[in-house]
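Following: one structure in structure tokens, then a few remarks.
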Amino acid sequence: MSTENRPIVAVVGRPNVGKSTIFNKLTGHKISIVEDTPGVTRDRIFGEVEWLNKYFTLIDTGGLEPKSDDIIVSQMRDQAMLAIDMAHVILFIVDGKGGLTAADREVADILRKTNKPVILVVNKIDSKNQQDNIYDFYELGLGTPVPVSGANAMGLGDLLDEVVENFPEGMNTEYDEDIIKVAITGKPNAGKSSILNNILGEDRVIVSPIAGTTRDAIDTYFEKGDNKFLLIDTAGIRRRSKVYERVEKFSVIRSMSAVDRADVVLIVIDATEGVTEQDTKVAGIAHDEGKGCIFVVNKWDLIEKDNKTMNNFRNKIREKFPFMNYAPILFVSAVTNQRINKILQTVVEVAYEQNRTVTTSVLNEVIGEAVMLNQPPSDKGRRLKIYYGTQTGTKPPTFTLFINDINLTHFSYTRYLENRLRENFGFEGTSIKIEYKQKRR
């Protein structure tokens, strides 16, 4: 949660009343898994919503089941209570088709004690002739119920009007583009959630020894020093052959999309297992999409070490990812807190490199020198000529070189030019794109 004073709205209610459907409609993205199975949303999911030029953070929560002893359900309840505690406004979702239940009354009792604005939202009112279904819910004593249909996106404008009206005075509802988006990826049980909790200094994400506990990609706004972060903790990317449940399939897709949304990707590797096929897959995706990349080797406290252990592990990573020599490698332990503080520091450095710009004159000096030291490739007596280059983008830094013949370009020479750019300008942690444009002379 950012300390920038952004309004926070929590979506709560018993399981399977349609909280995630409403969350997805309001955020405009399919962030929460929507499946007709109670208990699918297990952690708090954060998303940003804009209504009438006002921005706020929306939190989807696992279903509140006040009287369950199940370990995961009780942790879901704790997370929902934490979300309620953080929120400025609470959306209490009930099921207009299923009617009022004892569990709804229990949740209402909990919410009344918060002394926070609670908006009672009766979901699944899919047509006008179902409007009468809202009257039973007056009994909860939480004011006038707002009828909506999450599935059909009906009544959501009225709901948002009410949400915005209930924000406390003095809240910051303006858009902030300075946030660094960080995806935390890796295979199940590599310690992603523990790393996130350690960075935040609180139990923001359910941590349990059961592999695959984190099903959703969880957005957490966070501020440290002068920097603002959006941390996206992803469900572990599993081998597709092991993805049996539909829900788990969604999670694999979500991990891929978390990489897509991020500026910087943390590839968390379990030191006790070494680099796995999934690590290779996510690193390849992050590299291809031009993201900033940092390898985070976790559980380093469990490794027996001598003075060569770290170097040997580093070399193995470099061998597995020869195309990613630019990515920093951090050896950490979420349990002992070893070097965890280096993670955000490195994220900030990599984000800076991703946005680095080079003036055209300096760029062409470097290219000119590179060409002098190593002649471009030729074919049948015709040599590649680079007339000039210019930077045409950031995130990742992208350079367009104007040349005589596109057919004379070669992968190895492009790699050589990339290395020269890195020697001169750094670009640590980020891939570089070099594009060619044929120019007739």
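Would you mind giving the three semi-axes, in whole Å and largest first, of the ellipsoid equivalent to segment 331-403 according to its Cα gyration tensor? Before the final figure, lay out each step's value.
Working: eigenvalues 303, 47, 20 Å².
Result for segment 331-403: semi-axes of 39, 15, 10 Å.
Return the lysines within reach of Lys97: Cα separation strictly under 18 angstrom, same-chain partners fewer than 8 residues apart disregarded; answer none if there are no such residues.
Lys97 reaches Lys19, Lys124, Lys128.
Report the gain in length on full extension from Glu277 to Thr336: 0.36 nm times residue separation, minus Cα-Cα distance, nm rounded to one decimal.
Details: separation 59, 0.36 × 59 = 21.24 nm, distance 2.70 nm.
My answer for the length gained is 18.5 nm.
How far apart, in nm, are two points set 7 Å out from the Cα along the Cα-to-Cβ line at Asn53 and at Thr144?
Between Asn53 and Thr144, the simple spin-label model gives 2.7 nm.
Just order 311-319, 179-187, 430-438 by mean Cβ neighbour count inside 10 Å, highest at the front, would you? Write out the running numbers ahead of the final one.
Details: 311-319: 13.3, 179-187: 24.7, 430-438: 17.4.
Order by mean packing, descending: 179-187, 430-438, 311-319.
For segment 79-125, state which trypsin sites (Lys or Arg not before Pro) are in a DSSP loop and have at most 11 other beta carbons lying within 10 Å of their beta carbon. Provide the component values of the computation, followed by the final result.
Working: sites: Lys97, Arg105, Arg112, Lys113, Lys124; in loops: Lys97, Lys113, Lys124.
Here the trypsin sites (Lys or Arg not before Pro) that fit, given the DSSP loop and packing criteria, are Lys113.
At 0.36 nm per residue, and after removing the present C-alpha to C-alpha distance, how many nm does the segment from Asn374 to Leu302 gain when stretched out fully? Working shown, then result.
Details: separation 72, 0.36 × 72 = 25.92 nm, distance 4.64 nm.
Taking 0.36 nm per residue and subtracting the Cα distance, the gain is 21.3 nm.
Here, each number is a calculation from the coordinates, and none is a lab measurement. Fair warning: this is a prediction, and the values are worked out from it, not measured in the lab. Note: ideal-geometry Cβ built from the backbone for every residue, glycine included; neighbour counts use all protein chains shown.
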